[in-house]
């Protein structure tokens, strides 16, 4: 049970009721404090708003138009330090759909943000494959 927090020490009570001091890395505490400071300053907005509410074309699109629109959106996202990552290969149409339908609706602050497709759409592995 946490009893008190000092600059770089945590004082906890163990199961016997004795107090123990746990020294924490001062750098970690500094990072936590900096994060809290930035978080208080930051205002969350939807990705779509952070990008300046860009115009975008709705699916379905011809392949050449899709390629151009996808590249344009990735450039806009990159310029705002918003990154979209795909761990696996997906059709460009699915990547574009993910950005305009899902990423655009996520909240972001002023810091670098990464969205991973598989975090939104986890892959399920068959238990039988794991046993092999």
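The values are calculated or read from the model by the stated rules, or taken from the named source; none is laboratory data. Everything quoted here is computed from the prediction, not taken from an experiment. As a convention, Cβ positions derive from the backbone with ideal geometry for all residues, glycine included, and neighbour counts pool all protein chains shown.
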Segment 103-126, subset out of contact with any strand residue (DSSP E or B) (no Cβ under 9 Å at 6 or more places or on another chain) and under 14 Å from residue 82 (Cβ atoms), residue modelled with the lowest pLDDT: 110
Count of segment 38-85 residues which are surrounded by 14 or more Cβ atoms within 10 Å (Cβ to Cβ), assigned to a loop (DSSP other than H, G, I, E, B) and either in contact with a strand residue (DSSP E or B) (Cβ under 9 Å, 6 or more places away or on another chain) or on the phi > 0 side of the Ramachandran plot (or both): 2
